[in-house]
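The values are calculated or read from the model by the stated rules, or taken from the named source; none is laboratory data. If you're wondering where the values come from, they're calculated on a predicted model, not measured in any experiment. Here the Cβ positions follow ideal geometry from the backbone for every residue, glycine too, while neighbour counts run over all protein chains shown.
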Amino acid sequence: MKDLTINVTPREETGTGPSSRLRKEGRVPAISYGKSKEPTQLSVDSRELSVVLREIGNSTPLVKIKSGKSKASTSVIQEIQRHPITDKFLHVDFREVAEDESVILEVPVHAQGEAWGVKNENGTLEYVTHSVAVRALPKNIPEFIDCDVSELKVGDLIHIKELPELEGVEYLDHAEQPVFTVIV
């Protein structure tokens, strides 16, 4: 897993006016919360957030947030709000997780190899689902789950129960839920 850190600064003022002023300064209002922690109002540099989100790409949104000289805390980017027209960041929610706390997340699934049905039967590989729900400790959360699809023929399916077993990771979706198939 990539070790990505976002620098944050605490903020005192909340509400529409102060949030608008922050955005004009190139910062994004944010909040950090967790099971054993009071919600904390923060702000994040907009450019730094863009860089981190680009780095995350289609991976699990797990980052470390660091405020000043304090120790970085592991967090999940729970939600990002964007302006519908300008696509600028409006607000970010960070859910802080302890190192010994199991986390439930959606993890992307990637196909590996070329399906037999695509090469030989003129089929098309279809992602039935792009991510699966997992429960794991933060240190065991994969960036994504690789699945070999090279044996798939037209009409075949790969279900969640057939995804590779990963140490410390529990799949939460129904075992019979399809992930990949080859269609004509």
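Answer yes or no as to whether SER50 is within 30 Å of ALA111 (Cα to Cα) and assigned to a loop (DSSP other than H, G, I, E, B). Before you say what the answer is, go through the steps one by one.
Details: within 30 Å of ALA111 (Cα to Cα): yes; assigned to a loop (DSSP other than H, G, I, E, B): no.
Criteria not met by SER50.
Among the residues of segment 75-92, is there at least one that is surrounded by fewer than 19 Cβ atoms within 10 Å (Cβ to Cβ), free of Cβ contacts under 8 Å to residues at least 60 places away in the same chain and over 24 Å from SER19 (Cβ atoms)? Break it down into steps so the answer makes sense when it comes.
From segment 75-92, those surrounded by fewer than 19 Cβ atoms within 10 Å (Cβ to Cβ) are 78-88, 90-91; that's our starting set.
After this cut, where a residue has to be free of Cβ contacts under 8 Å to residues at least 60 places away in the same chain as well, the list is 78-87.
Next cut, over 24 Å from SER19 (Cβ atoms) only: none.
The answer is no; no qualifying residue exists.
Report yes if some residue within segment 36-44 is buried (at least 17 other Cβ atoms within 10 Å of the Cβ), over 14 Å from the mean Cα position of the chain (by Cα), under 29 Å from HIS130 (Cβ atoms) and of a type in the set (Ser, Thr, Tyr); otherwise report no.
no
Within segment 33-57, track down each residue that is touching a Lys or Arg at 6+ places or on another chain (Cβ under 8 Å) and within 30 Å of ILE145 (Cα to Cα). Break it down stepwise before answering.
Pass one, segment 33-57, residues touching a Lys or Arg at 6+ places or on another chain (Cβ under 8 Å): 33-34, 41-46, 55-56.
Within segment 33-57, TYR33, GLY34, VAL44, SER46, GLU55, ILE56 meet the criteria.
Does segment 74-103 hold any residues that are farther than 14 Å from VAL44 by Cβ and hydroxyl-bearing (Ser, Thr, Tyr), and which are they? Full working, then the answer.
Of all residues in segment 74-103, those farther than 14 Å from VAL44 by Cβ come to 74, 76, 83-87, 95-103.
Those that are farther than 14 Å from VAL44 by Cβ and hydroxyl-bearing (Ser, Thr, Tyr): THR74, THR86, SER102.
Would you check if there is a residue in segment 27-34 being without any contact (Cβ under 8 Å) to a residue 40 or more places away in the chain and not basic (Lys, Arg)? Step through it out loud before you land on a result.
Filtering segment 27-34 down to residues without any contact (Cβ under 8 Å) to a residue 40 or more places away in the chain leaves 27.
Right, trim to not basic (Lys, Arg) and you get none.
Scanning segment 27-34, I find no residue that is without any contact (Cβ under 8 Å) to a residue 40 or more places away in the chain and not basic (Lys, Arg), so the answer is no.
Could you tell me whether any residue of segment 116-124 is at positive phi and either at pLDDT below 95 or in contact with a Cys (Cβ under 6 Å, 6 or more places away or on another chain) (or both)? Break it down stepwise before answering.
So the first thing to find is which residues in segment 116-124 are at positive phi, and the list is 122.
Going one step further and asking which of them are either at pLDDT below 95 or in contact with a Cys (Cβ under 6 Å, 6 or more places away or on another chain) (or both), we end up with 122.
Checking segment 116-124: at least one residue is at positive phi and either at pLDDT below 95 or in contact with a Cys (Cβ under 6 Å, 6 or more places away or on another chain) (or both).
When you scan segment 131-184, how many residues do you find that are touching a residue at least 24 places away in the same chain (Cβ under 8 Å), of a type outside the set (Val, Ile, Thr) and outside any loop (DSSP other than H, G, I, E, B)?
Here is the first cut: in segment 131-184, the ones touching a residue at least 24 places away in the same chain (Cβ under 8 Å) are 131-157, 160, 163, 166-173, 177-184.
Of the ones still in play, those that are also of a type outside the set (Val, Ile, Thr) are 131, 133, 135-140, 142-144, 146-148, 150-153, 155-157, 163, 166-168, 170-173, 177-178, 180.
Of the ones still in play, those that are also outside any loop (DSSP other than H, G, I, E, B) are 131, 133, 135-136, 138-140, 146-148, 157, 170-171, 178, 180.
Total meeting the criteria: 15.
List the residue pairs whose Cβ atoms are under 8 Å apart, where the first residue sits in segment 100-113 and is at positive phi, the second is at pLDDT 90 or above and among the hydroxyl-bearing types (Ser, Thr, Tyr), and the two are 6 or more positions apart or on different chains.
Final answer for the pair search is GLY113/SER150.
Given (1) assigned to a loop (DSSP other than H, G, I, E, B); (2) not assigned by TED's automatic domain parsing to the domain that holds VAL44, identify the lone condition not met by ILE85.
Here ILE85 clears every test but (2).
Picking from LYS139, LYS71, which residue would you name as being basic (Lys, Arg), under 30 Å from GLU25 (Cβ atoms) and exposed (fewer than 13 other Cβ atoms within 10 Å of the Cβ)? Steps first, answer last, please.
Working: LYS139 fails: under 30 Å from GLU25 (Cβ atoms).
After ruling out the rest, the residue left standing is LYS71.
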